[in-house]
1. So for the pair Arg346, Ala287, with labels modelled 7 Å out along Cα→Cβ, what separation do we get in nm?
2. Can you show me the helix-derived [θ] at 222 nm for the chain, built from DSSP H runs with n ≥ 4 at -39,500 (n - 2.57) apiece and divided by the number of residues, rounded to the nearest 500.
3. For the range 160-270, what does the convex hull of the Cα positions come to per residue, in cubic angstrom?
4. Treat every Asp and Glu Cβ in the chain as -1 and every Lys and Arg Cβ as +1, leave all other atoms uncharged, and give the resulting dipole magnitude about the Cα centre to the nearest 20 debye.
5. As an exercise, take the mean of 1/r over every pair of distinct alpha carbons in the range 243-376, invert it, and state the Kirkwood radius in angstroms.
6. Put +1 on the Cβ of each Lys and Arg and -1 on the Cβ of each Asp and Glu in the chain; which of Val207, Ile281, Thr294 then has its Cα farthest toward the positive end of the dipole?
7. Counting only C-alpha contacts under 8 Å and six or more residues apart, can you give the relative contact order of the range 201-340 as a whole percent?
8. Counting alpha carbon pairs within less than 8 Å and at least 6 residues apart, what relative contact order, in whole percent, applies to the chain?
Amino acid sequence: MKTLFDYQERALAYAAERSRIALFMEMRLGKTLVTIRWARAQGARRILVLAPVTVLNSWWDELNDEGENKIWWLHGLSRAEKLRTSRFLLGKRTWYLLNYEGLRAAPELIDVPWDVVIADESTAIRNPQAQITKLMLKLRVPCRAILSGLPNPESPLDYFTQMQFVFGNFLGFDNYWVCRQVKFKIGWTGYDWQPKTGTLDEIKAHVHEKAFVLTRKQAGRANEKIYERRMIKPSAEILRLSKHVEKNFEFEDEVTNHAITRVLWQARLAGGFRPDTLEMISGHKMAELLQLVTGELRDQQVVVWFRFNEELKTALTMLRAKGVKVEGIWGKVKARDRGRIVRQFRAGKFRLLCIQGKIGQYSLDLSTASTAIYYSNHYDMEIRGQSEDRIEHPSKKESLLYIDLVSEGLIDEDVVQALKEKKMDSRQMATALLASWGRDFRLSHGLSRVFPGAS
């Protein structure tokens, strides 16, 4: 079992005295581990964890690290299978992992006699009119927990249904609409609701009384590098195409004898794009990127790294369509414009900077950001290491967060693992990747070259 950090000990001390908890701890501060130990202390037999699919992967890993050996993955099961599995009468503590959409698809699950229900990324239930929120509020379970690094991404009203799920009310109100009418007023746009005088202070005091709140800066994790992988399920079509490329060395009408080209095609598919027309055919990674930067990282400056230009340009279009202030740097952006963009980013003129990895690996000072997202990776240790350094600065007093978006079951997994080890050059990585994908390839097919396609 892992040794808790001192701030995790404080969080567990808060939780130990309560059967209902709210952990508002920023990303990668270990709130999952705290919650696991809290749930065990409740003497629970049947524990339901609700979270986005990408987050459920982290729960699976953490539970295994903690020695929990009865874990049921409900995501992906049919409605009947979910119900049958969750109703087993088990003598030992059992964990059930399910995404919010899975609960909405099988609402009968709310009638299962759960001992503990944990809502991770609990902003999923912040909308009082959403079906999933209504379902969650119908649960009758003694022990409850909500977890979020940013519980109020849109408005202070975002707290209401999350806190209502755990504690039954918020600010003394058990009705969202009454609370809004009493404590808020219509904003100047005529649509948004703004807190009345004194309401923000009431909310702050109430949240700090009921919840455990902690930022990475408060945790004292200055300058530490924290890594997170978001495992994302690609579409069935992407999986089919990638498997076909792997087996036959062909994509549609294009055929290659070069293993290096086959791996390049698979890398493009992992990002959601066709290798031939460069058209996006799966938005699995883009959706996760949008969720991150408009959710938990909503108020933070972020650098997003890409291997391929089509990924970067598509991300710019989609982010701007969502109202995110973002700029991009890739090969065709002139040097003088790159300097202007970096200066504006450092001045806070916009929040997100999208960069093609080979272009941005040297010299750029992007240290006003403390978070970097890797949509895709180059097969080069130097590019990854140099890009990570862009957000470092000796005077910084907070930890640095690096998030890899990984297409589950595709070549992404091997790339990120190899980069994590940071012991291979480009040739060695290429050889390792090809070997890991189950074929004895002839290394004479161009493996000494740097992987193409990133210009």
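1. About 3.9 nm separates the two model spin labels.
2. Roughly -11500 deg cm²/dmol at 222 nm, from the helical runs in the chain.
3. 250 Å³
4. For the chain, the charge dipole is close to 740 debye.
5. Radius from the Kirkwood sum: 15.9 Å.
6. Selected residue: Val207.
7. 14 percent
8. It rounds to 14 percent for the chain.
Computed from the coordinates by the stated procedures, all read-outs in this text should not be read as laboratory data. The shown structure was predicted, so the numbers you read here are calculated from the model rather than taken from an experiment. We place every Cβ from the backbone using ideal geometry, glycine too, and count neighbours over all the protein chains shown.
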